[in-house]
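Bear in mind that the values in this text are calculations on the coordinates, not laboratory data. Remember, it's a predicted structure, so these values are computed and weren't measured experimentally. Here the Cβ positions follow ideal geometry from the backbone for every residue, glycine too, while neighbour counts run over all protein chains shown.
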Amino acid sequence: MKNFIDIKELSKSELTSLLDDALQNKRSKTTIQNHLNGKNLVLFFEKKSTRTRLSFDIAIKQLGGSTTILNKEDIHLGNDKESVSDTINTFGLYADGLILRVNDHKTIMSASKLSHLPVINALSNLSHPCQCLAGLMTLLEERGSLEKLNIVWMGPITNVANSWIEAFKKELGFSLNIFCPEAWFEKYKKKMQEYDISTDLGDIVHHHINDQILAHADAVMTDTWKSMGEDTKNLDYDLIKEFRVTEKVMNMAKSDSVFMHCLPANRNEEVEASVIDGNNSRVWQEARNRLFVQKEILKVIF
Ligand code: CP
Ligand code: NVA
């Protein structure tokens with residue numbers, strides 16, 4: 001594997017090995033390894049980040065490498081400043097790998113074509129594969145297997161949700177159902193069309209909460225209603241309120257159903273504080289698992 005851009009590019013066996021290895025590494029408590037000795041990776045952020053920045057920086061250092069972290073404000077990249085291609089070529093003169101968080105997924109695709117360096121997607125407007133891997137690892141850690149798990153996604157089909165859809169299509173054994181208002185689903189479809197991505201999701205999208213599906217849920221997940229850089233001015237927030245993850249929603253799911261969220265979260269907007277801060281929340285475990293899945297991505301690539 002040269003790059004890590006989207007879950008859809010991994011084979012089922014690559015995906016399961018990566019998750020198994022991440023879990024094994026976490027359990028073995030082996031912190032220091034030398035896969036990246038002498039290598040420097042550039043982390044570039046066009047959008048804000050707390051967890052991704054920290055977990056990649058620490059993962060790389062634990063693997064013996066070093067990092068250079070750049071924010072949008074630090075470099076010349078921009079419409080009337082320096083092009084993506086000149087920027088990516090410049091990174092390639094000094095670094096050994098690129099970890100990119102971008103506004104437009106096309107920047108990551110261009111970087112992967114323009115550069116001889118490995119490129120890792122640290123979130124784009126279309127996907128957040130590292131986050132999905134950490135979520136999958138969390139469920140594997142909790143339940144011992146992904147087989148027969150029923151996952152419910154509540155609210156907008158965001159970049160994180162899109163990576164979950166890709167993972168679902170790998171047939172790892174779990175079911176996925178998405179509860180999302182129709183108007184918000186239309187917005188997702190429009191965005192995907194701009195990138196020529198199929199939005200044929202079969203019958204997994206429901207425009208109201210389906211009580212029977214929810215009753216079998218092992219995990220309930222959501223994301224912020226306002227993703228970074230998204231144009232939300234024409235979205236009707238009254239429509240999405242039905243999809244807030246409340247205690248009532250969690251009580252309708254299986255009694256041991258876990259709540260997951262990529263973070264940052266808006267308490268009492270997409271999720272009730274008592275849910276995200278409650279006993280069935282696994283959001284901190286999921287955030288910590290970013291470290292372990294990302295170390296495995298780096299080990300596979302380098
Ligand atoms: N979940 C996640 O990617 O968090 P950050 O935006 O803080 O990196
Ligand atoms: N959907 C969110 C995820 C943040 C980690 C966003 O893009 O802002």
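Brief remarks follow.
- Measuring max minus min along each principal axis, the C-alpha atoms of segment 37-77 give extents of 29, 21, 8 Å (largest first).
- Max-minus-min Cα coordinates of segment 211-261 on each principal axis give 37, 19, 16 Å, with the largest extent listed first.
- When Trp284, Trp184 are sorted by how many other C-beta atoms sit within 10 angstrom of their C-beta, beginning with the fewest, the order is Trp284, Trp184.
- Where GluC sites (Glu not before Pro) in DSSP loops with at most 12 other Cβ within 10 Å are excluded, longest remaining stretch of the chain: 1-146
- Ranking His35, Asn177, Ile297 by how far each Cα lies toward the positive end of the dipole of the chain (charges on Cβ) leaves His35 at the top.
- At q = 0.15, 0.17, 0.20, 0.21 Å⁻¹ the log10 of I(q)/I(0) for segment 167-302 amounts to -0.89, -1.13, -1.42, -1.48, computed by Debye summation with a single uniform scatterer per C-alpha, solvent ignored.
- Calculated [θ] (222 nm, deg cm²/dmol) that DSSP helices of n ≥ 4 give over the chain, each run adding -39,500 (n - 2.57): -12500 deg cm²/dmol
- Relative to the longest principal axis of the Cα atoms of the chain, helix 105-114 runs at roughly 30 degrees.
- The alpha-carbon atoms of segment 1-40, seen along their principal axes, cover 30, 27, 11 angstrom, with the largest extent given first.
- Computed from Cα atoms, the angle from the helix 182-194 axis to the main principal axis of the chain rounds to 30 degrees.
- Computed magnitude of the charge dipole of segment 172-215 (debye, nearest 20; Cβ of K, R +1, Cβ of D, E -1): 140 debye
- The convex hull built on the alpha-carbon positions of segment 115-218 has an orientation-averaged projected area of 7.6 nm².
- Calculated diffusion of the chain, Stokes-Einstein form, Kirkwood radius summed over Cα pairs, 25 °C and 0.890 mPa s, µm²/s: 124 µm²/s
- P(r) weight above 23 Å for segment 1-125, C-alpha pairs, percent: 34 percent
- Applying a DSSP loop filter and a limit of 10 other Cβ atoms within 10 Å to the trypsin sites (Lys or Arg not before Pro) in segment 20-110 leaves Lys29, Lys81.
- From most to least packed by mean Cβ count within 10 Å, the peptides 250-258, 113-121, 86-94 give 113-121, 250-258, 86-94.
- The C-alpha atoms of the chain define a longest principal axis, and helix 129-143 lies at about 50 degrees to it.
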